[in-house]
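What follows is a set of notes on a single structure, which appears directly below.
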Amino acid sequence: MYSERVIDHFSNPRNAGAIEDADGIGEVGNPVCGDMMTFYIKVNDDKLTDVKFKTFGCVAAIAVSSIVSEMAKNKTLKEAKAITRKAVAQALDGLPKEKMHCSNLGAKALAEAIRDYEEKKSGKPTSTTEPKKAKRVKRHILCSHCDTKNPVTANFCMSCAEKLDH
Amino acid sequence: MKTVYMDHAAATPVRKQVVEAMLPYFDEHFGNPSTVYDMGSRIKHVIDEQRATVAELIGAKAGEIIFTSSGAEANNLAIKGIGLARQKKGKHIIISAIEHHSVLNSARFLERMDFEVTFLQVDQHGLVDPERLSRAIRPETILVSIMHANNEIGTIEPISDLSAICREKGVVFHTDAVATVGNIPVDVNELNVDLLSLSGVSLGAPKGIGALYFRNNLRLMPLIHGGIQESGRRAGTENVPAIVGLGKASELAAQELPHKAEHVKELRDRLVTGVHGRIEQVKYTGHPEKRLPGHASFCIEAIEGEALVFMLSQKGIYVNTGSACASKALKTSPVLVAIGVPPDLAQGSAVFTLNGTNTVDEIQYVLDQLPVAVEKLRSLSPIWRTKTAA
C-alpha cells in the first residue's frame, strides 16, 4: 500500500521535534479528524535555517511531515512557499488515493508557519513567541434538553434522543 | 523475523484438516449437486451432512441452515429477507447502534424502501439495555437484530434477555453471531433466537462461506432468485468445497471450544494486565467481563491507530484498529462513538483478537514491542506534550 520512501520517512522521521524559540509556528488539522501537524521554523536572512515538526496522525501524515521538513530546510521563504501537495506526493513516490489530503496538510502547515513568521516580522499583533500550546480538543457537546455529555460526533443525544445543536 | 498474528476477527488460517477435507471436492467429486445421476446426488448428500454438522455446532436442526457466501450475506438475507417478507405486518425494525456494516447498511437499504429503523443506543460498555429495547418495540415492529458480540470491543450482548422480550411481543429476532461462533458456546435454543448468522472466516474455514440459521416455518424473501438450491431460499450452484470446509471447521470447533476459550482468556488477561502496567493513559474499551475470551481492545491517548498498526507490523505483529485513517471512508469508528469514546481518543484504537494457536511467548513479545512503538509515536505527537503538561 505504501511506497518504500513513505515507509522510510515514517520509520525514520527527519527533523522530528519542536523548536523552543521558533520564529514561526504553523498548526493545521485536528486530532478529532485523525491528523494534526505542527511545524516550527527558524529563519535567517530570508532562509529557513531549521524546520521541525510534531505530528499526530497516520503513516502518510508522519511521512509527509518528514519529507516536507526536508524539502523546506535551507530553502528561501519564496522557494519553501512554492512547495505544492503534488511535489510532496511525488517526493514520496506517490501516496494512496485516500491519503492524498495528507500531502496537502504538510504543505499547508509549512505555509502557515511561514505566514506566522511574516506576520510577526511585519509587526502585526501576534499572540505569543512561545511555542503554541495545542488547543484543547472539544470532545463533548452538552444536550440542551437533559444536560447529558455527548461526543461531538453525535447528531442526537445518547440519553434522550433530542437533536443536538452544533 | 518473528510473526505474531493477533487479528483473528479479520481472518483465521484455514486448518490443514479442513483443506484436506475440501480438496477432493474440486476435481474428484466435481458434479453438480442438482443433477439426478449419482455423481451429483452423492454430493447433495455430502452437503446435507455438512448442514447437520454446522447445525450441531449451534444446537439447531439440519433443515434450519442456509449456506451463504459470507457472514455479510447471511446478515443481508436475515434483515432484507425478513423485512420484505413481513412488510405487510409492519415496516419498523430495530437494530443496535453498534451493528456490523452488513446489518447496518441492510437496515439503511430498507429505510430507503419506506421502512422505519430505530438504532438502539448502547451503554459505555456497549451493552444493549433490555428495558430500552422493550420501550422501542411498537405494534408495527417486525424485526429486531442485535449482534451476539461486537468484533471491535468484544462485548457480549444479553441475547436471551433481549430475545425473550421479542418472543413475548411476537417480533422476529435475529443475531449476528459471526464474532462468537467458534469462540464461545452458541446454542440457538438457549439464545432463543429466530435467525442467527455465522461465517467461516472466524471459524478456520475458508473465506467465501457463511450460513444463516432460521427457525423452521419462518418466511424469508430470497435475495438471489433462480433454482431451488437451499430449499429455494438461495439460488446458485452450491460452493461444495467451501461448504465441506465449513463443515469440517465446525466439527473441529465443537471439539476444541472449551479448551480454546480457557487458553485464549488466560493469554488475553496477561496481555491486558501487561499493557496497563507498561503504558500510561490507555483505555480498555468494551465490557470488562462480559466479553469474548480472546478479545482485547484499547484506545491509546495521543497516537493514531493506523500508524501504530503499521509500526507493529514492521516488528511482525499483526493487529487491527478502528481509527478513521485506517478506514477507507476516513470516518471515526461508529462503535467507539456509540460507547462514548471521545473522537480524538478513538483514533488511537488497537484491537487484539487471539486464537488457540497464540502462545505466552507471543504475548510477551507484544508486551515488549508495543510500549516502544507507542512511545515513539507519542514523541512525535503534538498533543502528547500538552496532555502530560496538563
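Given C-alpha coordinates of the protein assembly as shown, what is the ratio Rg to Rh with the Kirkwood estimate of Rh?
On the way: Rg = 26.7 Å, Rh = 25.7 Å.
That ratio equals 1.04.
Please report how far the C-alpha centroid of region B:142-190 lies from that of region B:298-322, rounded to the nearest whole angstrom.
Result: 30 Å between the Cα centres.
Just round it to a whole percent: the fraction of Cα-Cα distances in region B:218-294 exceeding 15 Å. Could you put the intermediate results ahead of the total?
On the way: 2152 of 2926 pairs.
Beyond 15 Å sits 74 percent of the P(r) for region B:218-294.
Determine the relative contact order of region B:271-386: mean sequence separation of Cα pairs under 8 Å and six or more apart, normalised by residue count, in whole percent. Intermediate results must be reported in sequence, preceding the final value.
Values: 150 pairs, mean separation 38.1, N = 116.
Contact order relative to length: 33 percent.
To make sure I understand, if each residue's beta carbon is the centre and we count other beta carbons within 10 Å, what order do A:Glu4, B:Glu99, B:Glu238, A:Glu79 fall in, fewest to most? Don't jump to the answer; show the numbers that get you there.
Working: A:Glu4 9, B:Glu99 24, B:Glu238 19, A:Glu79 14.
Fewest-to-most ranking of A:Glu4, B:Glu99, B:Glu238, A:Glu79: A:Glu4, A:Glu79, B:Glu238, B:Glu99.
How many nm separate the modelled label positions at A:Thr76 and B:Arg278, each set 7 Å beyond the Cα in the direction of the Cβ?
Placing both labels 7 Å beyond Cα along the Cβ direction yields 5.2 nm.
Taking the alpha-carbon centroid of each part, what is the distance from region B:1-62 to region B:66-96 in angstrom?
If we compute the Cα centre of each part, the gap is 25 Å.
Determine the relative contact order of region A:1-95: mean sequence separation of Cα pairs under 8 Å and six or more apart, normalised by residue count, in whole percent.
31 percent
Quick one: which of B:334-341, B:20-27 comes out on top by average Cβ neighbours within 10 Å, and what's the full order, highest first?
Values: B:334-341: 24.0, B:20-27: 14.6.
Taking the mean over residues of other Cβ atoms within 10 Å, the ranking is B:334-341, B:20-27.
Rounded to the nearest 500, what is the 222 nm mean residue ellipticity of chain A from helices alone, with -39500 (n - 2.57) per DSSP H run of 4+ residues and division by all residues?
Numbers: 5 runs with 56 residues, N = 166.
Helix contribution divided over all residues of chain A: -10500 deg cm²/dmol.
Rounded to the nearest 20 Debye, what is the dipole magnitude of the protein assembly as shown about its Cα centre when Lys and Arg each give +1 and Asp and Glu each give -1 at the C-beta?
Numbers: 67 positive and 65 negative charges, 294 e Å.
Rounded to the nearest 20 debye, it is 1420 debye.
State, as an integer percentage, the relative contact order of chain A based on alpha-carbon contacts under 8 Å between residues 6 or more apart.
RCO, chain A: 23 percent.
With each pseudo-label sitting 7 Å past Cα toward Cβ, what's the B:Gln124-B:Glu56 distance in nm, one decimal?
Going from the B:Gln124 label point to the B:Glu56 one covers 4.6 nm.
For every other residue with a beta carbon closer than 15 angstrom to the beta carbon of A:Thr76, add +1 if it is Lys or Arg and -1 if Asp or Glu, then tell me the sum.
+1
In straight Cα distance, which aspartates and glutamates are under 19 Å from A:Lys73, not counting same-chain residues fewer than 8 positions off?
A:Asp8, A:Glu20, A:Asp21, A:Asp23, A:Glu27, A:Asp45, A:Asp46, A:Asp50, A:Glu112, A:Asp116, A:Glu118
If Lys and Arg each add +1 and Asp and Glu each add -1, what is the summed charge of the other residues whose beta carbon sits under 12 Å from the beta carbon of A:Gly34? Write out the running numbers ahead of the final one.
Working: positive: A:Lys99, B:Lys331; negative: A:Asp35, A:Glu98, B:Glu304, B:Glu306, B:Asp344.
Counting the neighbours of A:Gly34, the net charge comes to -3.
If one computes the Cα centroid of region B:219-233 and of region A:46-99, what distance in Å separates the two points?
Going from one Cα centre to the other spans 56 Å.
Tell me, B:Thr332, B:Thr237 in order of fewest to most beta-carbon neighbours within 10 Å? Could the numbers behind the result be given before it?
On the way: B:Thr332 26, B:Thr237 11.
By the 10 Å Cβ count, ascending: B:Thr237, B:Thr332.
Could you tell me which of rounded, prolate or oblate describes chain A, using a ≥ b ≥ c as the square roots of the eigenvalues of the alpha-carbon gyration tensor, with rounded for a/c under 1.5 and, failing that, prolate when a/b is larger than b/c and oblate otherwise? Intermediate values should be presented prior to the final figure.
Numbers: a/c = 2.76, a/b = 1.51, b/c = 1.84.
It comes out oblate by the Cα gyration axes.
Work out the mean other chain Cβ neighbour count within 10 Å for the residues of B:338-351 and drop it here as an integer. Working shown, then result.
Details: counts 4, 2, 8, 2, 10, 12, 11, 5, 5, 9, 3, 0, 0, 0.
Partner-chain Cβ atoms within 10 Å, mean over residues of B:338-351: 5.
Report the local net charge at B:Asn320: Lys and Arg +1, Asp and Glu -1, summed over other residues whose C-beta lies under 12 Å from its C-beta. Don't skip to the end; give the middle numbers.
Working: positive: none; negative: B:Asp7, B:Glu152, B:Glu306.
Result for the local shell: -3.
Return the subset of A:Lys163/B:Lys88; B:Lys265/B:Lys376; A:Lys99/B:Lys315; A:Lys99/B:Lys80 for which the Cα-Cα distance in this structure is over 25 Å, preserving the input order.
Values: A:Lys163/B:Lys88 31 Å; B:Lys265/B:Lys376 29 Å; A:Lys99/B:Lys315 23 Å; A:Lys99/B:Lys80 35 Å.
Checking Cα-Cα distances, A:Lys163/B:Lys88; B:Lys265/B:Lys376; A:Lys99/B:Lys80 exceed 25 Å.
What is the order of B:Leu162, B:Leu252, B:Leu267, fewest Cβ neighbours within 10 Å to most? All intermediate terms of the calculation are to be shown ahead of the outcome.
On the way: B:Leu162 26, B:Leu252 20, B:Leu267 23.
Ranked by crowding around the Cβ, least crowded first: B:Leu252, B:Leu267, B:Leu162.
Taking square-rooted eigenvalues a ≥ b ≥ c of the alpha carbon gyration tensor, is chain B rounded, prolate or oblate, where a/c under 1.5 means rounded and, failing that, a/b exceeding b/c means prolate?
On the way: a/c = 2.14, a/b = 1.36, b/c = 1.58.
Oblate is the answer for chain B, as a/c is 1.5 or above yet b/c matches or exceeds a/b.
Work out the mean other chain Cβ neighbour count within 10 Å for the residues of B:303-315 and drop it here as an integer.
Working: counts 3, 11, 2, 7, 10, 2, 2, 10, 4, 0, 0, 3, 0.
Mean partner shielding for this stretch: 4.
So how strong a dipole does region B:16-252 carry about its Cα centre when Lys and Arg Cβ are +1 and Asp and Glu Cβ are -1, to the nearest 20 debye?
Values: 23 positive and 28 negative charges, 160 e Å.
Dipole about the Cα centre, nearest 20: 780 debye.
Taking +1 at the Cβ of each Lys and Arg and -1 at the Cβ of each Asp and Glu, which of A:Phe10, A:Met100, A:Met36 sits farthest along the dipole of chain A towards its positive end, judged by Cα position relative to the Cα centre?
A:Met100
Within a 10 angstrom radius of each residue's Cβ in B:373-380, how many Cβ atoms of other chains show up on average? Whole number is fine.
Across B:373-380, the average partner-chain Cβ count within 10 Å equals 3.
For the peptides B:175-186, A:8-19, what is the packing order when you average, over each peptide's residues, the other Cβ atoms within 10 Å and list the highest mean first? Write out the running numbers ahead of the final one.
Working: B:175-186: 25.7, A:8-19: 17.6.
Peptide ranking by packing, descending: B:175-186, A:8-19.
Each reported figure results from applying straightforward, stated rules to the coordinates on display, with no laboratory input. These numbers come from a predicted model, not from an experiment. FYI the Cβ positions are ideal-geometry reconstructions off the backbone, even for glycines, and counts take in every protein chain you see.
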